[in-house]
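One structure is given here, and the rest of the page talks about it.
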Amino acid sequence: MDFRYVFDKKNGELSSLQVSGKELLRSGGRLNVWRAPLANEVDEWNYRRSNTKHFGEFYGRFAASEWYSAGIHSMKTFQEEFDYKVIDNSCVEINIKNVVLTASGRGAFLNRYKYHISGSG
């Protein structure tokens with residue numbers, strides 16, 4: 001099988017996957033915790049209350065203001081570890097650890113990624 005995986009050691013990410021010379025993937029998975037906020041999560045089914053209760057500095061008063069204030073819409077990844085080992089001459093195991101900080105700096109996610117790549121791709 002003709003395949004090629006490329007990892008960016010600096011960023012700790014899969015940056016390319018090719019099979020028979022054809023690019024199938026230009027980047028691997030990344031943490032994404034954003035989802036659309038729902039008004040009923042924050043305003044107890046009362047728009048008026050949402051408009052006055054929830055406030056995020058620089059974001060005003062609306063259902064997503066707390067999400068934006070927390071900084072989960074724009075997070076930054078910091079690489080902690082990137083290593084690999086060959087297992088039984090038939091598989092490569094790649095371990096990646098990183099920390100993803102929220103834009104506000106008041107929250108973080110600790111992540112571990114493990115890739116097992118067999119000789120057949």
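List of remarks:
- Note on segment 85-101: residues that are surrounded by 13 or more Cβ atoms within 10 Å (Cβ to Cβ) and farther than 14 Å from R30 by Cα total 5.
- Exclusive hit being at pLDDT below 85, in contact with a Gly (Cβ under 9 Å, 6 or more places away or on another chain) and either surrounded by 13 or more Cβ atoms within 10 Å (Cβ to Cβ) or outside any loop (DSSP other than H, G, I, E, B) (or both), set F62, F82: F62
- Flag if R35 is more than 30 Å from V92 (Cα to Cα), modelled with pLDDT of 65 or more and either basic (K, R) or not in a loop (DSSP other than H, G, I, E, B) (or both): yes
- Subset of segment 63-113 (residues that are out of contact with any strand residue (DSSP E or B) (no Cβ under 9 Å at 6 or more places or on another chain) and either closer than 21 Å to S15 by Cα or of a type in the set (K, R) (or both)): S74, R106
- Residue list for segment 92-121, filter: basic (K, R) and at pLDDT below 90: R106
- Consider segment 102-118 and keep the residues that are without any contact (Cβ under 8 Å) to a residue 60 or more places away in the chain and part of a strand (DSSP E or B). The one that is surrounded by the most Cβ atoms within 10 Å (Cβ to Cβ) is A108.
- Condition met for V42 (at pLDDT below 85, surrounded by 13 or more Cβ atoms within 10 Å (Cβ to Cβ) and more than 15 Å from the chain's Cα centre (by Cα)): yes
- Complete set of residues in segment 1-15 that are more than 21 Å from K97 (Cβ to Cβ) and either among the aromatic types (F, W, Y) or assigned to a strand (DSSP E or B) (or both): F3, R4
- Unmet criterion (only one of (1) modelled with pLDDT of 80 or more; (2) exposed (fewer than 11 other Cβ atoms within 10 Å of the Cβ); (3) not β-branched (V, I, T)) for H73: (2)
- A single member of K114, K76, K97, K85 is touching a Phe, Trp or Tyr at 6+ places or on another chain (Cβ under 9 Å) and basic (K, R), and it is K97.
The values are calculated or read from the model by the stated rules, or taken from the named source; none is laboratory data. Keep in mind it's a predicted model, so treat the numbers as computed, not measured. Note that we place each Cβ from the backbone using ideal geometry, even for glycine, and neighbour counts take in every protein chain shown.
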